[in-house]
Amino acid sequence: MEDLRTILAVAGGIIAVVVALVGIGRSYVKNQELVDRAKILDENRELTAKIRDANRTHEEEVRGLTGKLAESQAQRDALQEKIVLIGRAGGAALALKSALDGELEKIMRMSGASGGSIYVPVRGPRGNVRGLAFLCIEPFTADNQKLRSHIIPLRSHAGRCFTSGLSEAVLEVAATKDHFREADEIAKYSPSSMLNLALRHEGETIGVLQLLRRQGEASFVQADISGMAPVAEDVARQVFEITRDVDSGKLLGLSAEDFTVEGTILIFDLTRSSILFEELASSHALLLLNEFFERMCEIAFRRGATLDTYMGDGALLRFNVPRPLPDHERGAADAAIEMVAEFARLRERWLAYSPMLAATHIRVGLATGPLLRANLGHSQVQHLTVLGHPVSVAAALCDAAPRDRSVVLAAEETAGPIRGALTVSAAEGPISAKAARFTAGAYEVGGNRAG
């Protein structure tokens, strides 16, 4: 019995020791887990920091590369501009302008300006000044180069300096109402003060030299004007030399004379084209509509036309722009007459699909005058087109034409050269009334040769 108690006591001790060892083991494992977890967390934090640093470095590299790309793009655009400038104004004008760009940089360093521009006037068709454009702009950045396509209004500080011929210092730009803030948004530059110096030659203001300082830089004061007077005289002389033999608009690509060509516009449309889609399946209607465009445009192309754009169920074609056509009025009129005849044959075939298509007709409007060739649209998706009063006249004539028959209407400027070769009769009634706002006379042109 005594031995049993001894055995049980020993066993109990052993169990206690085992429990203690298990507890110690668990505590050790738990502590080890905490140590390992802390180590893993530290490693995760270090790895996260490294990833963050790598991302930051990558972002900085990307920003740096993006900046270099933008700068390279701006330099490429500037080079392209110089190439175009040589064609518009000649190498001599380009050399003078390059020298003036360098002069502006020197003036900025001398005056402590962080931004500078030289403006020249942009004139309307009658010679009146409509605004100012950038002849030179510094510093050379991609954002600054975007300003070259903008016209600065005359109600701005630079505009007021030009119209009055008086130089001025603007101490606090933010407090003024005349500052053209749109330029700041484009160039991402916020000036705190500016100096506008009138560039005068032989008593006439021919431009403006503008110097800018941003926040944190000392403001220009009125006394700076007299100190910069000799500089302004020298810049005025250089601007005059550049623009003396070459219109400043040509240097800037803003001269209408460079791109304006006398031409004839032909606009045609298909009346009641909705009947196609009411009577036929959409795919069939689209097939016939494309056939219509194919036939009509092909006729115009044979006469030397260029397709400008499609407009719903019609199109705009131009003659003598850009392909030279010495008798563009006659070419456009002949094309229009042939279109009417061809559509009559085309519609005869259409009637086999539905007799309702007999209500469709073609209307053509013709107008002649100066046309401005231009790239129009968003900077990434531009379209070479023409602008000018003849476009509005041709559109108005096409719209004024009756919808119950096929007809060709021409403006006075188009009808004049073709009289004696084609039948030309004055339009009357509603047609004349609708077109009167756009042209002095509307005439219906027929295919019969005049005796």
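Nothing in this text is a laboratory measurement; each read-out follows from the coordinates by a stated rule. These numbers come from a predicted model, not from an experiment. Glycine gets a Cβ as well: all are built from the backbone with ideal geometry, and neighbour counts include every protein chain shown.
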Checklist line | Along each principal axis, Cα extent of segment 166-235, largest first, Å | finding: 36, 23, 19
Check: Which value, in Å³ per residue, describes the convex hull spanned by the Cα atoms of segment 312-380?
Finding: 137
Check: Relative to the Cα centre, what is the charge dipole magnitude of segment 120-218, using +1 at the beta carbon of each Lys and Arg, -1 at the beta carbon of each Asp and Glu, and rounding to the nearest 20 debye?
Finding: 320
Notebook entry, point to check: Along the Cα-to-C-beta direction of SER164, a point sits 7 Å from the Cα; which residues of segment 175-196 have their amide N less than 13 Å from that point?
Noted result: 177-179, 196
Next item on the list: Using label points projected 7 Å from each Cα along Cα→Cβ, tell me how many nm separate LEU307 and GLU172, to one decimal.
Entry: 6.1
